[in-house]
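Asker: Dumping the structure here so I can ask a few things about it.
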Amino acid sequence: MSNTAQPVKTEETNRIGLTKKDYKGLPSTMCPGCGHNSISEGILTAFYELGVSPYQVAKMSGIGCSSKTPAYFLHSSHGFNAVHGRMPSVATGAALANRNLIVLGVSGDGDSASIGIGQMIHSMRRNTKMIYIVENNGTYGLTKGQFSATADVGSTDHYGLPNDQSALDLPMLAIISGCKFVARGFSGDRKQMLALLKAAIHHDGLAFLDIMSPCVTFNDHPGSTKSYEYVKAHDEKLHEIDFIEEKTEINVEFEEGTYRDVSLHDGSIMRLKKLDRDYDPSSKLQALGVLQEAFDKKEVVTGLIYYDKNSVDQAEALKLPQVPLHEYGAKELRPSKEALTEFLKSFK
Amino acid sequence: MSQKQKIINNFSVRIATANGTGSQSANNTLFKALFRMGVCASAKNLFPSNIKGLPTWYQIRTSQKGYTAMNRGAEVNVLVNKDTYKKDYEESKENSVVIYDSNIMSESDFHRDDITHYPLPLTKLASTHFEKPRLRVLLKNIIYLGAICELFKLDQEVTEQVIKDSFSHKPKVVESNLSALRIGVDYVKQNIIKKDPYYYEKENDSKNKNKIVIEGNAACALGSVYGGCTVVGWYPITPSSSLAESFISYCEKYRVSQDGEHRYAIVQAEDEMASLGIVVGAGWAGARAMTATSGPGIALMTEITGLAYYAEVPVVIFDVQRVGPSTGLPTRTQQSDLTMIANLGHGDTKQIMLFPKCPKECFELSAQAFDIAEELQTPVFVISDLDLGMNQWPSDDFDYPLHPYNRGKVLRKEDLAEMDTFRRYFSGDESHGIPSRTLPGTDHPLASYFTRGSGHDEDARYTEDPDAYRRNMMRLLKKFQEAYRVLPKPVIEGNKKAKIGIIGVGSTYDAIREARDYLSEAGIKTKYLRPKSFPFHPEVKEFIDSCDKVLVVDLNRDAQLKELIQVNIPNSEPKLRSFAYSDGMPLSALYLTRKAKELLNV
């Protein structure tokens, strides 16, 4: 992001006076070269550059390699590493209990596309205000290389054995599940990932990011369709992206007429540079068509795939107050003595 | 009329209808009218897992001695269901009264000499007086209510007032119901000569003055509202759905602020795992949260309960038990989730349980459950059952709770400002194993920690270190073992010197209380301990020690309560005798009395 117009306080601090170090976590225990590490770096950079207070962030995850990563960024944020496939419901509870939290869910393709597929879909139906990242590598890493539900049929595992079950396309599933912000990135494309993450943080509702994240240990071989080589060779970008924050002077590199601006609810803008086709992310049908086309060709479409600006998040729909629910005590929550008397009277 | 001595307010009426025909409204009116007459009445709705057509029975017992347990068999049988009448008739008690719909049942089937028969042309009366087919079906029930009213001298004025109150917003419904009631009354007046000894009679008005009629589920829901619950995740399942639904309606009434803000969030989730997941997330973020379910739902919640136990997240879970295993008998009652819940979760897990016995305790213990969960930072199960949860019970008025909420050891920003370190899973010697927690969103550098279901040390760091693992597990054990300090104490009734003890939990109370009277009449003195919580207080051990024999009453096949006592109170086994019986029905006092004599060898 280029925001040269923003006055920079010192070389290293963001607008709330924190350095990038303040957004780091413990040293990663992922394998060297793992795509997940790039995503962790992207996440902490996005929060740092936007100047979001880490105290405001709740890091939620399930089980698997990806779900371990929240320990490796934003050490000053509360984290909750829940059980396998259940991150979305636990995140929903936290998001409702305290609307001020920025809920960041980190999951994997095992966690979300198999055991947690129901929770993933239903959190989209509820439109819980959260950023939902799937670090997608097509394999179960922690249990040593079994196929996940996003592995393409016919792709091989690290023993060379082919996958006999068809793959799920998560963005496609997200769109038909009612998700209003659906994007796909690639851990090897940091610029695009960062823009998508920043927009996701600003979205009012569930922002779904399917990020291709090659597993260097179990799924980075010639028979895989989730390897670095494969994704690099088959990545079809819908557009080049920049994210322009609210009140930031627009000063990005796209030429007039070659871009499409997508406004977020708070005035921030996703600027999408057209590539060879005129892609409209507000069209559900076009989005599904492009995904299906790519799926059939075993290509990986990246970018902001679908966006519905009329998104009302769950807490808003439930008319929740702005204050966290734990701030209320008996005075606000316990009905009066008269109410009890009246209640009892109706049961006489 | 026969010269038999009158039997007043001391008999049972059993009404056999088909599900979905609207008989519930007539039956509830009968129950409410008796209640308002000051009569001690209790009601059991025996319904099928079905929307329309399958048989359903409603049994109302009146008792001069104030007994409220269900009797097997009834003195008066009202047969309206043509699919079941033959069997119902054959099984009717000796010398009982049978009222039947003579239009749809064959007179030749009613052959018993011992029975007093009252044939009523219910179907014809309904079709003569009402045009719309649906009204004919519905109001047939009110016609039999009118007949009951006249036959047994149920106060007609009171009954009419109950109808008026029930449909106060629908004058047309009141009108048609009142006319149906009078059709039944008039038919009996003109055509039937009373030959039975059963009568309802108004009691002293003050008798039920400080009482209400309510379902346990509604009481639990109201208790949750008063207890400060703000987040609910739930999934429909009989017999717990009405608990969540009552909570919704009470929140709409009591929790919407003047500017339209909802101080509650209720999510009907996709399944029980998500329901509890939502509750765990909310509890972790500081809101008081609950879910309501039944046995199959508890089974599904097992893994997340283990997480909440190990990560020490306060949550409240209502289990309105039904008959298992598996789908079992979804609309019948049982107390059969006790051993499952006591150790719910894989690995070494121990869970807190509360056992209300009546709607008033449902209200009180539900509210208290949220204090206990936050104080102990662990799941708290409120154990109800279908009988308590879904039947209408006469209950003492609820008392207004005055105590402030106990939010437990939550460190705010101001607290952290005074501290050098914050150690999430460390508790000092004086803390009964309970550590302090912080809530996400706390604006302080010491506040954050990483919650996880994996191995962790005092500072919430991931570890597989043997010592750290064991220290943590032993602290959790200490927290559990010392939890009784904040749990409601057992209630003990009867003479302290008695050497025969009885122990039972929850809704078996009514049958045990009655059975103890029968035992006493037979010269067998007993005392009775009713635990209101698990883990047990030291009083339970003291009670057993003070007895020669203790009968443990279980509404399940496998003596689950006895097992909990045996496992948790070492060396208690030799004194324990087990009454463990379940067929889906509430416990019968007469059967319990008979078996108790055998089992105690007295």
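Laboratory data are not the source of any read-out in this text; all were calculated from the coordinates shown. Please read all numbers here as calculations on a predicted model, not as lab measurements. Ideal geometry is used to build each Cβ from the backbone, glycine not excepted, and the neighbour counts take in all protein chains shown.
Asker: At a Förster radius of 41 Å, what calculated FRET efficiency corresponds to the Cβ-Cβ distance of residue B:601 and residue B:106, to the nearest 0.05?
Answerer: E(calc), rounded to 0.05, equals 0.25.
Asker: Tell me, what is a quarter of the convex hull surface for the C-alpha atoms of the stretch B:120-175, in nm² with one decimal? Don't jump to the answer; show the numbers that get you there.
Answerer: Working: hull surface 15.9 nm².
Here the figure is 4.0 nm², rounded to one decimal.
Asker: Among residues other than residue B:123 whose Cβ falls under 9 Å from its Cβ, what is the net charge (Lys/Arg +1, Asp/Glu -1)?
Answerer: Counting the neighbours of residue B:123, the net charge comes to +2.
Asker: Let me ask something additional. By how many degrees, 0 to 90 and rounded to 10, does the Cα axis of helix A:35-50 deviate from the longest principal axis of chain A?
Answerer: 50 degrees
Asker: Taking θ = phi - 60°, what integer Hz values does the Karplus form 6.51 cos²θ - 1.76 cosθ + 1.60 yield along the stretch A:174-182, in sequence order, with x for Gly and Pro?
Answerer: Running phi through 6.51 cos²θ - 1.76 cosθ + 1.60 with θ = phi - 60° gives 4, 5, 6, 8, x, 5, 9, 9, 10 Hz.
Asker: Please list, in chain and number order, the residues 5+ apart from residue A:305 or on another chain whose amide H is under 5 Å from its amide H, with Hs placed from the backbone.
Answerer: It is A:182, A:183, A:184, by chain and number.
Asker: Relative to 2.2 N^0.38 Å, what does the C-alpha radius of gyration of the stretch B:413-485 come to as a ratio? Two decimals please.
Answerer: Relative to the rule-of-thumb radius for its length, the stretch B:413-485 sits at 1.16.
Asker: Where does helix A:117-126 land angle-wise versus the long Cα axis of chain A, in degrees 0 to 90, nearest 10?
Answerer: 50 degrees
Asker: Could I ask something else about it? Using label points projected 7 Å from each Cα along Cα→Cβ, tell me how many nm separate residue B:117 and residue A:13, to one decimal.
Answerer: 9.7 nm
Asker: Along the charge dipole of the stretch A:163-236, which of A:187, A:200, A:172 sits closest to the positive end, that is, farthest toward it, with unit charges on the beta carbon of Lys, Arg, Asp and Glu (+1, +1, -1, -1)?
Answerer: Most positive-ward Cα: A:200.
Asker: Considering the protein assembly as shown, what Rg and Dmax in Å follow from its alpha-carbon atoms?
Answerer: Gyration radius and largest Cα-Cα distance of the protein assembly as shown: 32.5, 107 Å.
Asker: Still on this structure, I have one more. What distance in nm separates the simple spin-label points at residue A:309 and residue B:431, each placed 7 Å from Cα in the Cβ direction?
Answerer: 5.1 nm
Asker: Right, something else. Considering the dipole of chain B built from charges on the beta carbon (Lys and Arg +1, Asp and Glu -1) around the Cα centre, which of B:239, B:53, B:593 is farthest to its positive end?
Answerer: Highest projection toward the positive end goes to B:593.
Asker: Determine, from the Cβ-Cβ distance of residue B:443 and residue B:258 and an R0 of 25 Å, the FRET efficiency 1/(1 + (r/R0)^6), rounded to the nearest 0.05.
Answerer: Taking R0 as 25 Å, the efficiency between residue B:443 and residue B:258 is 0.30.
Asker: Sticking with this one: Please rank A:215, A:31, fewest neighbouring Cβ atoms within 10 Å first, as an exposure proxy.
Answerer: Ascending number of Cβ neighbours within 10 Å: A:31, A:215.
Asker: Please rank A:128, B:463, fewest neighbouring Cβ atoms within 10 Å first, as an exposure proxy.
Answerer: Going from least to most buried by this count: B:463, A:128.
Asker: For chain B, what does -39500 (n - 2.57) per DSSP helix run (n ≥ 4), summed and divided by total residues, give at 222 nm, in deg cm²/dmol to the nearest 500? It would help to have the intermediate numbers written out before the result.
Answerer: Numbers: 20 runs with 225 residues, N = 602.
My calculation for chain B gives -11500 deg cm²/dmol from helical runs alone.
Asker: Got a sec? Charge dipole of the stretch A:196-348, +1 on Cβ for Lys and Arg, -1 for Asp and Glu; which of A:320, A:254, A:344 is way out at the positive end?
Answerer: Value: A:344.
Asker: Can you give the relative contact order of the stretch B:311-375 as a percent, counting alpha carbon pairs under 8 Å and 6+ residues apart?
Answerer: Reported as a whole number, the value is 28 percent.
Asker: Hey, in the GNM for chain A with a 10 angstrom Cα cutoff, which one of A:126, A:277, A:184 fluctuates hardest?
Answerer: A:277
Asker: What do you get for the angle between helix B:589-600 and the principal long axis of chain B? Use alpha-carbon atoms, 0 to 90 degrees, nearest ten.
Answerer: 60 degrees
Asker: For residue A:319 and residue A:263, compute 0.36 nm times the residue count separating them, minus their Cα-Cα distance, and round to one decimal in nm. Spell out each step's value before the answer.
Answerer: Working: separation 56, 0.36 × 56 = 20.16 nm, distance 2.42 nm.
Gain on extension, residue A:319 to residue A:263, equals 17.7 nm.
Asker: Another one. Could you give the dipole magnitude of chain A about its Cα centre, charging the beta-carbon of Lys and Arg +1 and that of Asp and Glu -1, in debye to the nearest 20? List each step's numbers first, then the result.
Answerer: On the way: 37 positive and 42 negative charges, 287 e Å.
With Lys and Arg at +1 and Asp and Glu at -1, about 1380 debye.
Asker: So if I place +1 on the C-beta of Lys and Arg and -1 on the C-beta of Asp and Glu, and nothing else carries charge, what would the dipole magnitude of the stretch A:95-223 be about its Cα centre? I want it in debye, nearest 20.
Answerer: Values: 10 positive and 11 negative charges, 144 e Å.
Charge dipole, the stretch A:95-223, about its Cα centre: 700 debye, nearest 20.
Asker: Would you mind computing, in nm to one decimal, how far apart the modelled labels at residue B:169 and residue B:421 are, each placed 7 Å from Cα along Cα→Cβ?
Answerer: A separation of 6.0 nm, rounded to one decimal place.
Asker: Where in the stretch A:145-191 are there chymotrypsin sites (Phe, Trp or Tyr not before Pro) that are in a DSSP coil and have at most 10 other Cβ atoms within 10 angstrom of their Cβ?
Answerer: Within the stretch A:145-191, the qualifying chymotrypsin sites (Phe, Trp or Tyr not before Pro) (loop, at most 10 other Cβ atoms within 10 Å) are A:159.
Asker: Nearest 20 debye, what's the magnitude of the dipole of the protein assembly as shown about its Cα centre given +1 on Lys and Arg Cβ and -1 on Asp and Glu Cβ?
Answerer: On the way: 112 positive and 117 negative charges, 726 e Å.
In debye, rounded to 20, the protein assembly as shown gives about 3480.
Asker: Compute the Rg to Rh ratio over the stretch A:166-230 from the alpha carbon atoms, using the Kirkwood formula for Rh, and round to two decimal places.
Answerer: 1.03
Asker: Treat the count of other C-beta atoms within 10 Å as a stand-in for reagent exposure and order B:387, B:510 from fewest to most.
Answerer: Fewest-to-most Cβ neighbours within 10 Å comes out as B:510, B:387.
Asker: Same structure, new question: Can you tell me how the stretch B:25-173 classifies by the Cα gyration tensor, rounded, prolate or oblate, using a/c under 1.5 as the rounded cut?
Answerer: It comes out oblate by the Cα gyration axes.
Asker: Here's something else I'd like to know. Please compute the alpha carbon radius of gyration of the stretch B:551-597, then divide it by the globular-protein estimate 2.2 N^0.38 Å. Two decimals is fine.
Answerer: 1.18
Asker: If you take every DSSP beta bridge whose two residues both sit in the protein assembly as shown, what share of them, in percent to the nearest 5, is antiparallel?
Answerer: Just about 35 percent of them are antiparallel.
Asker: May I ask you to derive the relative contact order of chain B, considering only C-alpha pairs under 8 Å and at least 6 residues apart, and to give it as an integer percent?
Answerer: 12 percent
Asker: Quick one: grab the alpha carbon gyration tensor of the stretch A:191-348, order the square roots of its eigenvalues as a ≥ b ≥ c, and give me rounded if a/c is under 1.5, else prolate or oblate depending on whether a/b is larger than b/c.
Answerer: Judged from the Cα gyration tensor, the stretch A:191-348 comes out prolate (a/c at least 1.5, a/b above b/c).
Asker: To the nearest 0.05, how large is the calculated FRET efficiency for residue B:91 and residue B:248 if R₀ is 56 Å and r is the Cβ-Cβ distance? Mind showing how you got there, number by number?
Answerer: Details: r = 40 Å, r/R0 = 0.72.
With a Förster radius of 56 Å, E is 0.90.
Asker: Calculated from DSSP H runs of 4 or more alone, at -39500 (n - 2.57) each and per residue, what is the 222 nm mean residue ellipticity of chain A, nearest 500?
Answerer: After summing the helix terms and dividing by the residues of chain A, the value is -8000 deg cm²/dmol.
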